[in-house]
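Colleague: Take a look at the following structure, please.
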Amino acid sequence: MHEVAELDCHELLLRLAGRLPDAQLWRFRDWLASGAQVVLARSLPASLLQHRIALTEREHRLLSDSLTPFGADRAALAAITVVDEVGRSAHKFSLDHPESPTGSDAVSVVLAASLRSRTGVREVRCTWRRGQRPGEPSKRIILVTAATELAGLTGEVQRVLRALGEHEPCVEVLPSGMELPDYHHAAWEAAELVCVGVEGGVAWTA
């Protein structure tokens, strides 16, 4: 049961990319990777209410199914707005870092070295999400297609990025067979290949 709940929560956090603040989203993913669902059960519904984030019926079901077994407040879950569909992502992505000259990228080198031989990994790609407000810097987005250990792999790559100086890492580990949200479609189209893993190639529904 806990494995199914972890997969449901991972999918929900993927669907919240670009909607929840990066500073919260990476931490929620880190808690999931470390098995701290009890903490997630308290904090994720509260964060959705705080930021007035509405969920689709499927997203709300993922939230309830994944966190109710760990003590999520049913009243908080019921207070979250449910909508027929969420608006299209307004985020724009770029192949190159707009604020930096092109050249060698230590992050890509380290990720390629650590994930090229990782079981379950298909592809690793990198893109840059442009700032939406004047003066807001671009943000590196790492996209990984994988067949197994989705939450654990997310936590591992986040820790690598934090060790390399990215304090709010954006890591999207996309499972095989998932119909990608609009945010991830746009990111993938503007991403460059970092490396191909053991599983070798993309396997998700476009």
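Colleague: Treating only the Cβ atoms of Lys and Arg (+1) and Asp and Glu (-1) as charged, compute the dipole magnitude of segment 2-72 about its Cα centre; round to the nearest 20 debye.
Modeller: 300
Colleague: Could you tell me whether the chain comes out rounded, prolate or oblate from its Cα gyration tensor? Rule is a ≥ b ≥ c as square roots of the eigenvalues, rounded for a/c under 1.5, then prolate if a/b exceeds b/c, otherwise oblate.
Modeller: Because a/c hits 1.5 or more and a/b exceeds b/c, the chain counts as prolate.
Colleague: With every protein chain kept in the model, how would you rank Leu193, Leu14 by accessible area, 1.4 Å probe, largest at the top?
Modeller: Listed by decreasing accessible area, they come as Leu193, Leu14.
Colleague: Quick check for me: using +1 on Lys/Arg Cβ and -1 on Asp/Glu Cβ, what's the dipole size of the chain about its Cα centre, in debye to the nearest 20?
Modeller: 420
Colleague: Just to be sure I understand the model, the point goes 7 Å from the Cα along the line to the Cβ. What's the resulting Ala163 to Thr56 distance in nm?
Modeller: My value for the distance between the label points is 3.7 nm.
Colleague: What figure in square angstrom, to the nearest 10, would you give for the accessible area of Thr127 with a 1.4 Å probe?
Modeller: Roughly 0 Å² of Thr127 is accessible to a 1.4 Å probe.
Colleague: Please give the FRET efficiency for Asp65 paired with Ala113, using the beta carbon to beta carbon distance and R0 = 30 Å, rounded to the nearest 0.05.
Modeller: The calculated FRET efficiency here is 0.20.
Colleague: Which whole-Hz couplings ³J(HN,Hα) result when phi for each residue of segment 165-177 is put into the Karplus expression 6.51 cos²θ - 1.76 cosθ + 1.60, θ = phi - 60°, listed in order with x for Gly and Pro?
Modeller: x, 9, 7, 10, x, 10, 10, 10, 9, 9, x, 4, x
Colleague: Could you state how much accessible area Asp84 has, in square angstrom rounded to the nearest 10, with a 1.4 Å probe and all protein chains kept in place?
Modeller: Answer for Asp84: close to 150 Å² accessible.
Colleague: When you count, for each residue, the other Cβ atoms within 10 Å and take the mean per peptide, how do 132-138, 47-53 rank with the highest first?
Modeller: 47-53, 132-138
Colleague: Once you have a ≥ b ≥ c as the square roots of the Cα gyration tensor eigenvalues for segment 53-147, tell me rounded if a/c is under 1.5, and otherwise prolate or oblate according to whether a/b is larger than b/c.
Modeller: Oblate is the answer for segment 53-147, as a/c is 1.5 or above yet b/c matches or exceeds a/b.
The values are calculated or read from the model by the stated rules, or taken from the named source; none is laboratory data. All figures in this text were calculated on a predicted structure; none of them were measured in a lab. Neighbour counts are summed over all protein chains in view; Cβ atoms, including those assigned to glycine, are modelled from backbone coordinates with ideal geometry. Areas reflect the complete protein model, heavy atoms only, side chains present, ligands, DNA and RNA absent. Shrake-Rupley method; radii C 1.70, N 1.55, O 1.52, S 1.80 Å.
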